[in-house]
Amino acid sequence: MDTTSEPLISLRHVGKSFKDGKVRALEDISFDVRPGEFISLVGPSGCGKTTLLRLINGLIPTDDGTVRVMGATPQPGPDLAMVFQSARLLPWLTVTGNIEFALSLRGLDRKEQSKRSMSLLGAVGLRDFAEAFPHELSGGMQQRVGLARALAVEPKVLLMDEPFAALDAMTREVLRRELLQMWSSRRMAIVFVTHDIDEAIMLSQRIVLLRPRPGRVDEIVDVDLPEPRWQNDPRTLPAFAAMRDHLWSRIHDMVRDGAELEELAGAFPKADAGETPVR
Ligand SMILES: Nc1ncnc2c1ncn2[C@@H]1O[C@H](COP(=O)(O)OP(=O)(O)O)[C@@H](O)[C@H]1O
Ligand SMILES: [Mg+2]
């Protein structure tokens, strides 16, 4: 019996305003996320990506339309783990302490907590830093702990809000691969927010391209590239370049359609060109 076609997350005609309706953040957003899918939300700053994640997480309610996660109104909790741009670790707890704290919220006993936290630290390559405090770690290591903590509770959905944006290019590259490896072995659904087009194509199976003011779906693109991507870097493939060109041309259309050029340029800082391997 095939139940995989049932969406895990479903958004229908979702709208959201702030400041008593003065800021229309999102308008008529509809898409589904399938179980185990890796989907990216891409678009310039202010197009409502973070707001969408908060709606999916159940942190804020919709004004219009519906969000359903596993068939119900979403509620913040261990099924929906969130990872942010900075790891937001508890500074007074060690690496292990941070992960065990998350596990204690899942109701696991001490022994199970410690077992699972060691295995996760192994998976993110930080076993030697189990007793270190967050301030003793680099930004990339802290993000690894954040990822381990999010995965510790075995969420059905991992919501990631520009998780690698603050890291240097090399660390980002390594963490992308690690994320893909963990995703392929665990197969939770991932909703990944980025404004880095190359990153979105590299990682995801589908891309929801958003346009700003108010945030709307511009296009949903299937990313049909060979798997597993951490082994076959797709960036050298013609299909990758074609998709990249297509997405950028849509973004240039957004500019032509009235968005302020400077504003969009600011939202896509480096045109991501520096990330493409130069040969
Ligand atoms: N809590 C809030 N109060 C007021 N305005 C908000 C709030 N959250 C988001 N907004 C506004 O909604 C729009 C979308 O914001 P956001 O979801 O943060 O976009 P993104 O993550 O794509 O940069 C922006 O215009 C932002 O200023
Ligand atoms: Mg944001």
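The values are calculated or read from the model by the stated rules, or taken from the named source; none is laboratory data. No experiment lies behind these values; they were computed from the predicted model shown. Don't worry about glycine lacking a Cβ; one is built from the backbone with ideal geometry, like all the others, and counts go over all protein chains shown.
In this structure, THR96 does not satisfy being within 14 Å of ligand 1 (Cβ to nearest atom) and β-branched (Val, Ile, Thr). Against the condition part of a strand (DSSP E or B), touching a Gly at 6+ places or on another chain (Cβ under 8 Å) and within 30 Å of SER249 (Cβ to Cβ), how does SER30 come out, does it pass? Here the answer is yes, as SER30 does meet what is asked. Of all residues in region 41-69, exactly one satisfies the criterion of being in contact (Cβ under 8 Å) with a residue 24 or more places away in the chain, more than 13 Å from ligand 2 (Cβ to nearest atom) and among the small types (Gly, Ala, Ser), namely GLY65.
Contact annotation: residue pairs with Cβ atoms under 7 Å, 6 or more positions apart or on different chains, pairing a residue in region 213-236 that is under 21 Å from GLY43 (Cβ atoms) and in contact (Cβ under 8 Å) with a residue 60 or more places away in the chain with a partner that is surrounded by 12 or more Cβ atoms within 10 Å (Cβ to Cβ) and of a type in the set (D, E, K, R), are PRO214/ARG24; PRO214/GLU27; GLY215/GLU27; ARG216/GLU27; ARG216/ASP28; ASP218/ARG211; ASP218/ARG250; ILE220/ARG206.
Taking the listed residues ALA25, ALA81, the one that is within 16 Å of ligand 2 (Cβ to nearest atom), in a strand (DSSP E or B), touching a residue at least 24 places away in the same chain (Cβ under 8 Å) and not hydroxyl-bearing (Ser, Thr, Tyr) is ALA25, with no other qualifying. Consider region 93-112 and keep the residues that are farther than 19 Å from VAL124 by Cα and in contact (Cβ under 8 Å) with a residue 24 or more places away in the chain. The one that is surrounded by the most Cβ atoms within 10 Å (Cβ to Cβ) is ARG106. Please give the strands (runs of 3 or more DSSP E) falling wholly within region 145-239 in which 1 or more residues are under 16 Å from the mean Cα position of the chain (by Cα), closer than 26 Å to ALA132 by Cα and charged (D, E, K, R). Result: 157-161. Counting the residues of region 1-50 that are at pLDDT 95 or above, within 12 Å of ligand 1 (Cβ to nearest atom), within 23 Å of LEU158 (Cβ to Cβ) and surrounded by fewer than 21 Cβ atoms within 10 Å (Cβ to Cβ) gives 1.
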